[in-house]
Structures are given as C-alpha cells and as structure tokens.
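The structure appears right after this line, and notes come after that.
The values are calculated or read from the model by the stated rules, or taken from the named source; none is laboratory data. No experiment lies behind these values; they were computed from the predicted model shown. FYI the Cβ positions are ideal-geometry reconstructions off the backbone, even for glycines, and counts take in every protein chain you see.
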Amino acid sequence: MMKIAVTSQNFRTITPHAGKCRRFLILGRNKQGELVELDRLDLPKEMSMHEFKGLRHPLFDSDILLTASAGQGFIRRLQQEQVEVICTSETDPYLAADAFLEGQPLPEVEAHAHHHQQSTPIMLKPG
C-alpha cells in the first residue's frame, strides 16, 4: 500500500516548511479504494527533519511527501530514502493525495516574491 505523508501542523491543511514540521498526516487507500488517514505523526522538536540526526526517521516509511514548501536539503534527504517530495499550493490534504494517486497534476507553488513597499519620505523644507 502506498503511504503518503502530508505536512500538516494543524492536521487539517497542507502546511509549509517541511524540514521544521513535526506533524504529519499519513494517508493511503483502504481495501475499498477510499483515501483514508492511516496514521498521524506528532513528533517532538528533535524529530523535525531539521533537527533529526538519527538513522531511521518515521517519514522514511512513506512513499510520497506532500508539502507547501521544502528546502533542497530536506528534498535530498528524503530522496536518499526513496521518498518523493512534492510541493503544491493545494491546501486540502485529501484533494492533493487523491489527485496524485489519480495521476493528475497538482497546483504548483508560486515563487515567493517578497515585494515590500517602501514609502518614500517627503522632505519638507523649512520656512
């Protein structure tokens, strides 16, 4: 059975920062072919992939990891364990997992363009 891990700090939506995430939904299809929650991971801080130094992490038992964002180090680490990381802007874990399993493309994550408007100070001349 294919296991899909989903970064979900609130156990409801797909959340970003996979390397720092400590809560994951584990989804898969049951015998009737329905997408169901197989498990939940609620890990201590030292078990976030960013902090983890051990050999076997619970995420390594997944086939796919869906997330809103992940760094290259996180992606490489999971690829070494044969876990494919997919970043998507879809926020519903079940819609994303179902679309993936059906071979449908997932909405891509838009590059974060941090455009902060800067106000130009107006200099008033005295007098």
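Computed quantities for the displayed model
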| item | result |
| --- | --- |
| Residue match in the stretch 55-67 (condition: over 23 Å from Pro107 (Cβ atoms) and in contact with a Ser or Thr (Cβ under 9 Å, 6 or more places away or on another chain)) | no |
| In the stretch 55-69, the residues that are free of Cβ contacts under 8 Å to residues at least 40 places away in the same chain and under 15 Å from Arg22 (Cβ atoms) | His57, Pro58 |
| Phe74 vs. criteria modelled with pLDDT of 95 or more, in contact with a helix residue (DSSP H, G or I) (Cβ under 8 Å, 6 or more places away or on another chain) and of a type in the set (Phe, Trp, Tyr) | no |
| Answer from Leu41, Leu66 - the residue that is closer than 14 Å to Met2 by Cβ and either of a type in the set (Ser, Thr, Tyr) or modelled with pLDDT of 95 or more (or both) | Leu66 |
| Count of residues meeting criterion [surrounded by 14 or more Cβ atoms within 10 Å (Cβ to Cβ), without any contact (Cβ under 8 Å) to a residue 60 or more places away in the chain and more than 16 Å from Leu78 (Cβ to Cβ)] in the stretch 9-18 | 3 |
| Tabulated pairs, the stretch 76-90, first within 17 Å of Pro58 (Cβ to Cβ), second surrounded by 13 or more Cβ atoms within 10 Å (Cβ to Cβ) and at pLDDT below 95, C-beta under 7 angstrom, 6+ apart or interchain | Arg77/Met49 |
| Those residues of the stretch 19-61 which are among the small types (Gly, Ala, Ser) and either touching a Leu at 6+ places or on another chain (Cβ under 7 Å) or loosely packed, with under 14 Cβ neighbours inside 10 Å (or both), in sequence order | Gly28, Gly33, Gly54 |
